[in-house]
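Please treat every number below as a calculation from the coordinates, not as lab data. None of the values given here were measured: they were computed from a predicted structure. Glycine also receives a Cβ, built like all others from the backbone with ideal geometry; neighbour counts cover every protein chain displayed.
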Amino acid sequence: MHSPIKRWGWFALGWLMVALGFIGALLPVMPTTIFLILAAGCFSHSSPRFEAWLLDHKWFGPSIRRWRERGAIPRNAKIIAIVSMAGGYAVLLFTVDPAWWVEMIVAAGLIACATYVATRPDA
């Protein structure tokens with residue numbers, strides 16, 4: 001186990017991730033599962049009790065376990081994620097009108113993220 005200061009840091013970060021995940025569950029513009037996966041990782045360093053709580057959670061536990069076991073993402077979640085990335089990029093282009101180099105950096109980052117998501121195993 002880590003030192004008490006590191007353990008409390010992981011614990012606090014875990015709860016921050018849980019809060020962001022639950023906010024994401026309520027707001028359609030924010031993801032949920034990624035924050036809860038990160039929370040489970042934080043709790044694995046600080047609180048086996050809360051790690052188990054997340055892994056056993058009725059709604060979120062299966063997704064977190066699939067990710068841990070196989071790095072798997074459900075096909076419908078992949079589609080939603082990639083379409084959301086494209087939509088966010090379109091909103092950026094049509095509302096902000098960024099410099100061309102900003103467009104390219106954002107596009108490259110989104111392409112990398114979409115490729116990563118698309119190449120994960122199906123859950």
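Taking a sphere under 14 Å around the Cβ of Trp15 and counting the other residues whose Cβ falls inside, with K and R at +1 and D and E at -1, yields a net charge of +1. Here the spin labels are modelled as points 7 Å beyond Cα on the Cα-Cβ line, and at Trp15 and Ala107 they lie 4.4 nm apart. The modelled label-to-label distance for the pair Val117/Asp56, using points 7 Å beyond Cα in the direction of Cβ, is 3.2 nm. Of the chymotrypsin sites (Phe, Trp or Tyr not before Pro) found in the stretch 1-91, those that fall in a DSSP loop while having at most 14 other beta-carbon atoms within 10 Å are Trp59. Were the residues from Ala86 through Arg7 laid out at 0.36 nm apart, the gain over their Cα-Cα distance would be 24.6 nm. A full extension of the chain between Met30 and Val96 corresponds to an added length of 21.8 nm, given 0.36 nm per residue minus the alpha carbon distance. Between the residues Trp53, Ala40, Asn76, the greatest Cα displacement towards the positive end of the dipole of the chain, with unit charges on the Cβ of Lys, Arg, Asp and Glu, is found for Trp53.
For Cα extents along the principal axes in Å, the value computed from the atomic coordinates appears in the list (1) 135, 19, 10; (2) 48, 32, 25; (3) 60, 34, 26 under label (2). Here is the list for the stretch 1-101: trypsin sites (Lys or Arg not before Pro) lying in DSSP coil, each with at most 15 other C-beta atoms within 10 angstrom of its C-beta, are Lys58. Of the DSSP H helices in the chain, those with a Cα length along their own long axis of 24 Å or more and a mean Kyte-Doolittle hydropathy reaching -0.5 comprise 4-26, 75-95, 100-119.
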